[in-house]
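J.: Before we start, here is the structure in question, set down as structure tokens.
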Amino acid sequence: MMKNNQMIDYIIEYSFHNRIGAFLDYPHDKNIRFLTMTCGGCCGRAVHRKLTNFLRQSRRKEKLPKENIVVHFSSCISFESFHGTPCPFKDYLENLVKKLGLKVVHGTRINKLTEERREKGIYEKRDSNSN
Ligand code: SF4
């Protein structure tokens with residue numbers, strides 16, 4: 001049985017696997033891997049430690065270059081939705097990731113109903129520069 005957050009992980013992985021939502025631009029024929037992590041709770045400071053650890057391990061194990069790594073912020077961190085307003089620490093988190101020399105993309109799964117509500121003005125529209 002899956003816990004609620006595991007189900008969310010599945011839905012995001014599904015979007016990634018099928019290259020939909022914010023993953024649209026990744027080619028299907030490339031061997032691209034996928035890893036999820038949480039912010040660790042407000043204010044998201046743990047992101048720096050978690051990514052530093054990930055970078056150390058991936059460098060040691062397979063010399064993964066930083067240019068090959070992209071950090072996606074989940075849609076509920078990035079945009080207004082039924083979850084609520086975007087994360088109030090979004091800019092802080094983005095700076096932490098960029099300090100490590102990694103690229104940030106806003107969004108993961110893009111829910112159709114939520115997108116319709118953004119069009120109707122129920123939720124704030126997604127910033128076109130944020131993807
Ligand atoms: S509000 Fe932002 S920093 Fe706080 S727990 Fe949610 S995603 Fe993490």
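Just so it is clear, none of the values below were taken in a lab; they were calculated from the coordinates. All values reported here derive from a predicted model rather than from experimental measurement. Glycine gets a Cβ as well: all are built from the backbone with ideal geometry, and neighbour counts include every protein chain shown.
J.: State all residues of segment 28-42 that are touching a helix residue (DSSP H, G or I) at 6+ places or on another chain (Cβ under 9 Å) and over 13 Å from H72 (Cα atoms); if no residue qualifies, say none.
T.: I32, G40
J.: If we keep just the residues of segment 91-125 that are hydroxyl-bearing (S, T, Y) and not in a loop (DSSP other than H, G, I, E, B), which is farthest from V47 (Cα to Cα)?
T.: Filtering first and then ranking leaves T114.
J.: Residues that are on the phi > 0 side of the Ramachandran plot, within 16 Å of the ligand (Cβ to nearest atom) and free of Cβ contacts under 8 Å to residues at least 60 places away in the same chain: does segment 23-43 have at least one?
T.: Yes - at least one qualifying residue is present in segment 23-43.
J.: Any residue in segment 61-81 that is touching a residue at least 60 places away in the same chain (Cβ under 8 Å) and in a loop (DSSP other than H, G, I, E, B) sitting within a Cβ distance under 6 Å of a residue that is within 16 Å of the ligand (Cβ to nearest atom) and β-branched (V, I, T)? List the pairs, counting only those 6 or more apart or interchain.
T.: If the second residue must be within 16 Å of the ligand (Cβ to nearest atom) and β-branched (V, I, T), the pairs left are S74/T108.
J.: Select from segment 44-60 the residues that are of a type in the set (K, R) and either exposed (fewer than 10 other Cβ atoms within 10 Å of the Cβ) or without any contact (Cβ under 8 Å) to a residue 12 or more places away in the chain (or both) and write down the one among them that is nearest to P86 (Cα to Cα).
T.: Filtering first and then ranking leaves R49.
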